[in-house]
Every structure is written in C-alpha cells, then in structure tokens.
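Taking it in order: structure first as structure tokens, then the write-up.
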Amino acid sequence: MIGRKNMGRASPILLVLLALGFFFATYNLLTMIFHYRSSGNREGALSSDPIIEMPESARNLKNAKLPFHIALTATDAPYSKWQCRIMYYWYKKQKELPGSEMGGFTRILHSGNPDNLMDEIPTMVVDPLPSGLDRGYVVLNRPWAFVQWLQKATIEEEYILMAEPDHIFIKPLPNLARVGYPAAFPFFYIKPDQHEKIVRKFYPEEKGPVKNIDPIGNSPVIIKKDILEKIAPTWMNVSLKMKDDPETDKAFGWVLEMYAYAVASALHGVQHILRKDFMLQPPWDTELGKKFIIHYTYGCDYNLKGELTYGKFGEWRFDKRSYLRGPPPKNLALPPPGVPESVWGCQSLARTTYNIPFVVLASGFVSSQSPLILIAPFSVMAFSSLFL
C-alpha cells in the first residue's frame, strides 16, 4: 500500500510510481469524459424523475426512519488523509440537520497499521491484500476491506452507505434504499451490455440476461447490511478474477472494481434502485439541483473566459491529483467568471472549513496543528446560507 510503513520522507522512486499511477487514472477518466461529451448530457436524456429505475413494489414501502452507517475505505497516504478529513467534516455538518438519516461513520483503513487520524475520525484498521496481489491497482483493496470490516465490526445500523473520500455531503442524506432494494448512482460509463463477451466470463448465461447487471459501482450505494454481507465476498473474488484476466483488465481499466461489484450483485439476484440525484460530478454536472453529494473526481480546467478546456490544462484548474502530498493551498485563485455553479465558490467554501486543523510536514505527511483551507469545486450559494 502507498506509504504503508514509511513514515519518513517519500523516495523519488515512490513519487515517480505515484505519478505514473495517476497518469493512467487520468487517462481513463479522460476517455470517459470524451465519451460523455459525444453521447450528450445524461441529465437531458433521462426523465426529470430522479428515480430512473425502481420496481413498482418498492415505491411505497418506506415509512419509518431508517438510519444508515457511512463507511469509506482509505489508505494512510497524505492524498487519502486530506480527503477523508474534509469528507468527515461535512458529514458531521449534515448529519444532525432535518431530513438526515445518517448514522455512524467508519473510515476503513486498509493499510494494516494505525495512523495519526485515529483519534479524529472513527476508524477500523484492516489488512491490505497480500503484497503484489493488487498489482498497483490500490482500489482492489476496497472489497477485501469491506469483507474484513463486516466480519469484525459491531454495526448498529441496519443499512450501510458505501462512500469514498472524495465525496462531500451538500445536503442531509435520507435513506434512499427500500426493503430488499439497495439504492445506487448510475454511472454513464458502466455499460455491461457493451461488454457482453467479457462479462459472460463472470456472469454465465444461466444466471440471466446481461441487462440484469446494473450500471453502477459500489459507491455511492445504500444497502442493507445482511445483503452486503452476502455480496462482499463475491465482489472481492470477482475483482481478483477480473484483474487476473488480461482482456478484462485492459477493457475495464480503472473501473474494474466497479464492474466487479455490479456483477457480484447480479450474481446474488440483487437489483438496485438507480438514483441520478444521489450525487453530481463537476465539471460535467453544472448545477447543484437537488443532489446530495458532490464527487470531485474529475479535473476542472477552464480558460480565463470561463470555458471548459476538455482534458487540457486550463489557465485556472482544480484537480485533486495535483495534491498527492497534502491538501490544496490557501491561495488558490478564484475561478474566472462564467464557470458553472458546481465549480464556483472555492474560497468562500474555504472559509467555512478553516477550523479543520491541518498541516503538511516537509516529509509530506499530515499533522493536525494548523488550519486547513479547503479548495474544491463547490457553490457559494449552497453553503453561504448554512455556514457563513
């Protein structure tokens, strides 16, 4: 795992490997982006109803409040730490507001050893995969981490939200699941039907048509604990088998683990309610609307006219991958005029997050003795009424 035991200065070789890893991740993201642009905005193609797929039998099943536990997997690398701290900060802000059904919180740390955030963020330490098994694909540790957590943890809530460090809660999140039906976000680039030859290696014809596989990943997903306990070991095994198959590994790339979760769910006959209002992803989703989560996984690059530059470094940019060794700086420039709502307002939001203690040491590791300024894609309007 990245930075697992070396708590000193990062070596040049490690930094080169990190850079290469994020280059390939960015390449995959850009491929998805251009596909997104060519296929048009998915918001316009879908119904105005945020629920784009739900069995009729599940529509009116929910009455009582159903709290869910928030769980995310993480490493002990500085890049993961600053995102986790920001995510946990906004979880605490939204948890107690009206409409929330958010319960407890766990950071599942799959680096094998405690780190310096144990006292700040509720954390369970689990083992990483055996050395070399992830082949540099760190995300492959996620299903194994969930398997261990589900076996070892005492989880009071009946439901679980699987989240990620780069998720920010912008509204109180209710339980979007229904009895027997988890809720998930539909990703435009997860298309099992376009990879039927590959998918059939892991989802045989006797299990049913490929359309039974939902266009989702494992996050964000709200799911009953007992259902996840059944799916998680299969998800882990399918992930490892996919990574071990060169054709599958090449086809699915950085989203291989997402396909593995979708296939594992279908193998257990689990159908998800697809909620396009679960989250938004700047810069492609330009308005906050009634979404609950911001996922800041894509780089946001703009020229000084406020025009998106599509995979080319902009004159103004925010990309989380620019901050591998610590959080974004206090003095990041404001976006230019014309940048959409979902990206605008960086420094206004930064003021609301100023009280998170944060410092990046010379070694690149994180301590908690000076303020963090959060610079990330958010809206001024969304937060000024709540926190300023």
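The set of residues in the range 309-324 that are charged (D, E, K, R) and surrounded by fewer than 18 Cβ atoms within 10 Å (Cβ to Cβ) comprises Lys312, Glu315, Arg317, Arg321. Every condition in (1) modelled with pLDDT of 90 or more; (2) open to solvent by 20 Å² or more (accessible area, probe 1.4 Å); (3) of a type outside the set (Lys, Arg); (4) not assigned by the TED database to the domain that holds Ala183 holds for Ile293 except the one numbered (2). Which one of the conditions (1) β-branched (Val, Ile, Thr); (2) at pLDDT 95 or above; (3) open to solvent by 50 Å² or more (accessible area, probe 1.4 Å) does Val179 fail to meet, given that it meets all the rest? Failing condition for Val179: (2).
Residue-wise test of (1) open to solvent by 10 Å² or more (accessible area, probe 1.4 Å); (2) assigned to a loop (DSSP other than H, G, I, E, B); (3) farther than 21 Å from Glu229 by Cβ; (4) at pLDDT 95 or above.
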| site | (1), (2), (3), (4) |
| --- | --- |
| Ala71 | no, no, no, yes |
| Gln83 | no, no, yes, no |
| Met87 | no, no, yes, no |
| Gly104 | yes, no, no, yes |
| Asp127 | yes, yes, no, yes |
| Gly136 | yes, yes, yes, no |
| Trp144 | yes, no, no, yes |
| Leu161 | no, no, no, yes |
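Among the criteria (1) under 19 Å from Gln83 (Cβ atoms); (2) open to solvent by less than 30 Å² (accessible area, probe 1.4 Å); (3) modelled with pLDDT of 55 or more, the one Gly306 does not fulfil is (1). Residue under question is Ala362, and the condition is that it be within 29 Å of Asp119 (Cβ to Cβ), assigned to a loop (DSSP other than H, G, I, E, B) and modelled with pLDDT under 50; does it hold? Yes; evaluated as a whole, the condition is true for this residue. Where helices (runs of 4 or more DSSP H) fall wholly inside the range 168-271, the ranges with 3 or more residues that are touching a residue at least 60 places away in the same chain (Cβ under 8 Å) and aliphatic (A, V, I, L, M) are 225-244, 256-267. Based on what the data block shows, is Tyr302 among the hydroxyl-bearing types (Ser, Thr, Tyr), in contact with a Phe, Trp or Tyr (Cβ under 7 Å, 6 or more places away or on another chain), within 30 Å of Gln151 (Cβ to Cβ) and in contact (Cβ under 8 Å) with a residue 24 or more places away in the chain? The answer is no for Tyr302. Checking each residue in the range 236-269 for being hydrophobic (A, V, I, L, M, F, W, C) and either within 18 Å of Phe187 (Cα to Cα) or not assigned by the TED database to the domain that holds Phe146 (or both) picks out Ala251, Phe252, Trp254, Val255, Leu256, Met258, Ala260, Ala262, Val263, Ala264, Ala266.
Being touching a Leu at 6+ places or on another chain (Cβ under 6 Å), open to solvent by 20 Å² or more (accessible area, probe 1.4 Å) and in a loop (DSSP other than H, G, I, E, B) is a property that Pro114 lacks. Would a scan of the range 196-212 turn up a residue that is within 20 Å of Val139 (Cα to Cα), open to solvent by 50 Å² or more (accessible area, probe 1.4 Å) and more than 21 Å from the chain's Cα centre (by Cα)? No; the residues of the range 196-212 include none that is within 20 Å of Val139 (Cα to Cα), open to solvent by 50 Å² or more (accessible area, probe 1.4 Å) and more than 21 Å from the chain's Cα centre (by Cα).
Remark: Leu240 matches the filter, which requires a residue to be at pLDDT 95 or above, within 30 Å of His195 (Cβ to Cβ) and of a type outside the set (Ser, Thr, Tyr).
The values are calculated or read from the model by the stated rules, or taken from the named source; none is laboratory data. This is a predicted model, so every value here is computed, not measured. A quick note on method: Cβ atoms are made from the backbone with ideal geometry, for glycine too, and the neighbour counts reach across all protein chains shown. Protein only, heavy atoms only, side chains kept; ligands, DNA and RNA dropped before computing areas. Shrake-Rupley method; radii C 1.70, N 1.55, O 1.52, S 1.80 Å.
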